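Have a look at the structure below before the remarks.
The values are calculated or read from the model by the stated rules, or taken from the named source; none is laboratory data. Being a predicted model, the structure only gives us computed values, none of them experimental. Using ideal geometry, Cβ is built from the backbone for each residue, glycine included, and neighbour counts are taken over all protein chains shown.
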């Protein structure tokens, strides 16, 4: 009961933002530790699995943008800091928008839900990039994004119900 | 009203950003510094007065002229070990790019020997030599052994937008550098490559694969 009250206080949309930020954090240890232990780059290991899961769970547009950035700069540092900065900026921006006036928060939630819906649709299309990190990571990424969409829809429904009541 | 400070996820990200900037830059710089040995290798390119030079004193690249006194014509990390050759006024060679963490990426480039302009013909490919009938033979998609997407998550990320993930053997026209024949072959990076592709003419390979 206490957990439900706390979740209501946080807001399901805020949980969705947390989900995204945590997924962004997952690949970071792999890149951060790799300069010291080059063996991490040539063997499959737990950190590599975390990397796969984290990258697959990010919105497709961001993962593709990171891949393009990596190809053009050939720099893992650029990928690392772009990922971290994007997570921080998105967290700050969305946190502010979701705590703004109810109308603004609702528009933000709708926009996010729309983007996530489009992204989920993009994931099921047979593009080779959708399976770049393997079936398991792709399925988990899809599940995380579907959960985020469900959280946003729950918030939107709740807002509509309270407006009607 | 007294406000109690909250440690949010955004604050955690900001802290991670700050500390990892220091750790990352420090470790990468230290690893790069510890790798630095004094080298001055000079690999001559057959039939030309050019040479590929790796040096810790001068910039790496293609030099023209006598050893150690030559002039730098094209800067970059070029590799002559897999096969480098000239056709007319063009030089075909591999160019390597190292990422921050030391992954080696490879592209096949064509260098005009009159103007020394460099043109990337096949990105993420290795020039493996010439076949018996003289066409340059390249392998695309596989890259170097340390860059196999199956073993390396970063290479999976890199390969997401490459478009050609399958390992393919490509024959180029020596004059125009256009791909004239392609054979998808997952085993192309095996040691028997020479016998299967380089010791046969293009016609024989085409007949063998048809």
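Is it the case that residue B:28 is within 14 Å of another protein chain (Cβ to nearest Cβ) and modelled with pLDDT under 75? Yes, satisfied.
Taking interchain pairs and intrachain pairs at least six residues apart, which have beta carbon atoms under 9 angstrom, with the first residue in segment A:143-165 and more than 22 Å from residue A:103 (Cβ to Cβ) and the second crowded, with 19+ Cβ neighbours inside 10 Å and modelled with pLDDT under 80? From segment A:143-165, no pairs qualify. Determine whether residue B:125 is touching a strand residue (DSSP E or B) at 6+ places or on another chain (Cβ under 8 Å), on the phi < 0 side of the Ramachandran plot, at the interface with chain A (Cβ under 9 Å from one of its Cβ atoms) and modelled with pLDDT of 80 or more. Criteria not met by residue B:125.
Scanning segment A:69-87 for residues that are at the interface with chain B (Cβ under 7 Å from one of its Cβ atoms) and in contact (Cβ under 8 Å) with a residue 24 or more places away in the chain turns up A:76, A:80, A:84, A:87. Taken together, B:91, B:101, B:105 contain a single residue that is within 14 Å of chain A (Cβ to nearest Cβ) and more than 14 Å from the chain's Cα centre (by Cα), which is B:101.
Can you tell me how many residues within segment B:48-88 are more than 14 Å from chain A (Cβ to nearest Cβ), part of a loop (DSSP other than H, G, I, E, B) and surrounded by 15 or more Cβ atoms within 10 Å (Cβ to Cβ)?
Count: 6.
Just give me the residues in segment B:155-166 being surrounded by fewer than 18 Cβ atoms within 10 Å (Cβ to Cβ) and either on the phi < 0 side of the Ramachandran plot or modelled with pLDDT of 85 or more (or both), in sequence order.
First, pick out the residues of segment B:155-166 that are surrounded by fewer than 18 Cβ atoms within 10 Å (Cβ to Cβ): B:163-166.
Within segment B:155-166, B:164, B:165, B:166 qualify.
Among residues of segment A:10-57 being out of contact with any helix residue (DSSP H, G or I) (no Cβ under 9 Å at 6 or more places or on another chain) and part of a helix (DSSP H, G or I), the one that is nearest to residue B:14 (Cα to Cα) is A:46. The number of residues in segment B:174-210 being modelled with pLDDT under 80, over 21 Å from the mean Cα position of the chain (by Cα) and loosely packed, with under 11 Cβ neighbours inside 10 Å comes to 1.
Listed here are the residues, each with its yes/no results for (1) free of Cβ contacts under 8 Å to residues at least 40 places away in the same chain; (2) under 17 Å from the mean Cα position of the chain (by Cα); (3) surrounded by fewer than 17 Cβ atoms within 10 Å (Cβ to Cβ).
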site	(1), (2), (3)
A:36	yes, no, yes
A:45	yes, no, yes
A:50	yes, yes, no
A:55	no, yes, no
A:61	no, yes, yes
A:67	no, yes, no
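Selection of first residues in segment B:1-25 that are more than 12 Å from chain A (Cβ to nearest Cβ) and surrounded by 13 or more Cβ atoms within 10 Å (Cβ to Cβ) and of second residues that are part of a helix (DSSP H, G or I) and at pLDDT 80 or above, restricted to Cβ pairs under 9 Å at least 6 apart or on distinct chains, gives an empty result.
Within segment A:99-130, if we keep just the residues that are facing chain B (nearest Cβ under 10 Å) and part of a helix (DSSP H, G or I), the residue that is surrounded by the fewest Cβ atoms within 10 Å (Cβ to Cβ) turns out to be A:128.
Of all residues in segment B:135-154, those being at pLDDT 85 or above and either in a loop (DSSP other than H, G, I, E, B) or within 14 Å of chain A (Cβ to nearest Cβ) (or both) number 3.
Taking into account only those residues within segment B:113-124 that are without any contact (Cβ under 8 Å) to a residue 60 or more places away in the chain and in a loop (DSSP other than H, G, I, E, B), which is surrounded by the most Cβ atoms within 10 Å (Cβ to Cβ)?
Quick first cut of segment B:113-124, residues without any contact (Cβ under 8 Å) to a residue 60 or more places away in the chain only: B:114-124.
Then keep just the ones that are in a loop (DSSP other than H, G, I, E, B); that gives B:114-117, B:123-124.
Numbers: B:114: 7, B:115: 8, B:116: 14, B:117: 10, B:123: 17, B:124: 24.
Per the criteria, the residue is B:124.
Of all residues in segment B:89-112, those satisfying the criterion of being touching a strand residue (DSSP E or B) at 6+ places or on another chain (Cβ under 8 Å) and part of a loop (DSSP other than H, G, I, E, B) are B:89, B:99.
The residue list A:77, A:71, A:96 contains one member that is assigned to a helix (DSSP H, G or I), surrounded by fewer than 13 Cβ atoms within 10 Å (Cβ to Cβ), out of contact with any strand residue (DSSP E or B) (no Cβ under 6 Å at 6 or more places or on another chain) and modelled with pLDDT under 90, which is A:96.
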